[in-house]
1. Have a look at the DSSP beta bridges in the stretch 54-297 and tell me what percent are antiparallel, nearest 5.
2. Could you tell me the calculated FRET efficiency between Thr376 and Asp264, based on Cβ-Cβ distance and R0 = 45 angstrom, to the nearest 0.05?
3. For the residue pair Leu385 and Asp80, what label-to-label distance in nm results when each label sits 7 Å from Cα along the Cα-to-beta-carbon direction?
4. In terms of the Cα gyration tensor, with a ≥ b ≥ c the square roots of its eigenvalues, is the stretch 139-295 rounded because a/c is under 1.5, prolate because a/b exceeds b/c, or oblate?
5. I'd like the Karplus ³J(HN,Hα) series for the stretch 238-252: coefficients 6.51, -1.76, 1.60, θ = phi - 60°, whole numbers in Hz, and an x wherever there's a Gly or Pro.
6. On a C-alpha basis, how far is the centre of the stretch 58-83 from the centre of the stretch 182-237 in Å? Whole number, if you could?
7. Give the long-range amide H neighbours of His93: residues separated by 5 or more places, or on another chain, with amide H under 5 Å away, using H modelled in the peptide plane at 1.01 Å from N.
8. Amide H of Tyr147: which non-local residues (sequence gap of 5 or more, or other chain) have their own amide H closer than 5 Å, using H built in the peptide plane?
Amino acid sequence: PFAGLHHQPGDALLSLIASYAADPRSDKMDLGVGIYRDEQGNTPVLQSVKLAEQQLMQEQGTKSYLGAEGNKAYVALLGDLVFGPDMGGRPFHAALQTPGGTGALCMGAELIVRGSPGRSIWLGEPTWPNHAPIFQKAGVPIERYDYYDVAGMTVRYDALLQAMECAQPGDIFLLHGCCHNPTGADLSPAQWQEIAGIMGARGLVPFVDLAYQGLGDGLEEDAAGVRAFLNAVPQAIVAVSCSKNFGLYRERTGALYVIADAADEAARCLENLISLSRVFWSMPPDHGAAVVAAILADPSLTALWQTELADMRQRLNGLRAQLAATHPALAPLASQRGMFATLPLSPEAVGSLRERFGVYMPLSGRINIAGLRAETVSHFAELILPLLSR
Ligand code: LMR
C-alpha cells in the first residue's frame, strides 16, 4: 500500500530545531521556530500555568471523555478574551476546542469545503508556511496577494484592497489578528475598520488567525482587528491559539469560533464541526484547555498570567526597538509587533549566516525576535547589515 508514497521535504521551520541542536558552537543563535525565550534563552513554564496545574492535580477527579466540543468552560472564557463579554454582542455562534491553532485552522478549512465548496481563500504573501498546505489539503482553492513588501519593510495595503476588489462574494480572506507571522507588520486600527466595512459590503468572509493575542500591544489592543468585524460582517471564522500567550506549545491548546447570522446557521455550523472533529481526533487533548480555564476562571491567576504575558511582550518590544535603533535600514522594525520580523535577506545570505556565524533562521529571512538577547542585538545587526538586499 505504500508504493505510491513519494519522499516529502522536511518542514523547513521544524528542521531548524535539529540543525541548531547539532551545532557545537557556543555563540550560536537560534532565531528559528516561534517560541518565546527569556534573556537566558529558556522557555520556562509560566508560574500561572504551574499553579493551575497544581490545582488540577488536587481537584481533577476523572479523566473520562468530555465530548467532541472539548472543555466548554475553556471555550467560553477564551471567547470572552478574544471577542469581549458575550461574544462581543453576537448571539449566534458555534465554537469548539481544537488541538492548537492548527487544529482550528483545519476545522475552519473543512467547514468551508462543506459549507461553500469551490469558494477561494485569499492568502497574503508571505504568510505562515503551514497556511497554504492546510487549505490545500482540505480542498479550498487558494488565491494570493502581496501582503508585505520585504525590501521596503511595509504592508502592501493597496494590494490587499485590490485583492478584495477582485474577490468573488463569498470568498474568504485569511488575516493575522495581530503580530503577523512572519513579518510582524500589522494593519492599523483604522485599516481594520476599513477592510471590515469593505468585506461587509462585498460579502467577503474574514477568517482570522489569532495566535499571539497579548504579545503585541496588549490583550485588548491585539483583539481590535477581530472585533472590527463583529459589527461589520454577517459571518466570520476565528482560529485561536494559546500556544504562545500561555506558553503551552506542546499541549496543543486552541479553539475555533464561527460567528453566524442566525440561530439555525450557528446550529448547523456546530453540528458540522462536531462531526468533522469526531473524524479527525474524536476529542481534543484536555490538559492545556483545563489549565487555561483554571487560569481564566480565577482572578488572581488571571492577574498573574497577565503580568507574565506583559513581561514577555515588553521583552519582545524592547529587543525589537533595540534592533531597529542600530541602523536606519532597520528602523521600520520599530513599529512592528510580536515574535517575528522578516528581513530582506536572500536565501544565500541566510545560508552564509548559518555556516559562518551559527545564526539560525528560515531561508525566508524571518527572525524570532525572542531568540535575541540585549547583549547580542548589536552583534547580530553587524552581521546582517552588510547582507541586507534593499
Ligand atoms: C512558527 O511559526 O515558528 C510557529 O508558529 C511554530 C510552528 O508551528 O510553525
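Every number here is computed from the coordinates shown, using simple stated rules; none is lab data. Note that the structure is predicted; figures quoted are calculated from it, not measured. Neighbour counts run over all protein chains shown; Cβ positions are idealised from the backbone, glycine included.
1. Counting only bridges with both partners in the stretch 54-297, antiparallel ones make up about 45 percent.
2. For R0 = 45 Å, the calculated efficiency reads 0.20.
3. According to this spin-label approximation, the distance is 5.0 nm.
4. Because a/c hits 1.5 or more and a/b fails to exceed b/c, the stretch 139-295 counts as oblate.
5. Per-residue couplings from phi come out as 9, 9, 10, 10, 9, 4, 8, 6, 10, x, 9, 1, 6, 7, 6 Hz.
6. Taking the Cα centre of each part, the stretch 58-83 and the stretch 182-237 sit 25 Å apart.
7. Those qualifying (amide H under 5 Å, at least 5 residues apart or on another chain) are Ala260.
8. Under 5 Å from the amide H of Tyr147 lie the amide H atoms of Glu125, each far enough along the sequence or on another chain.
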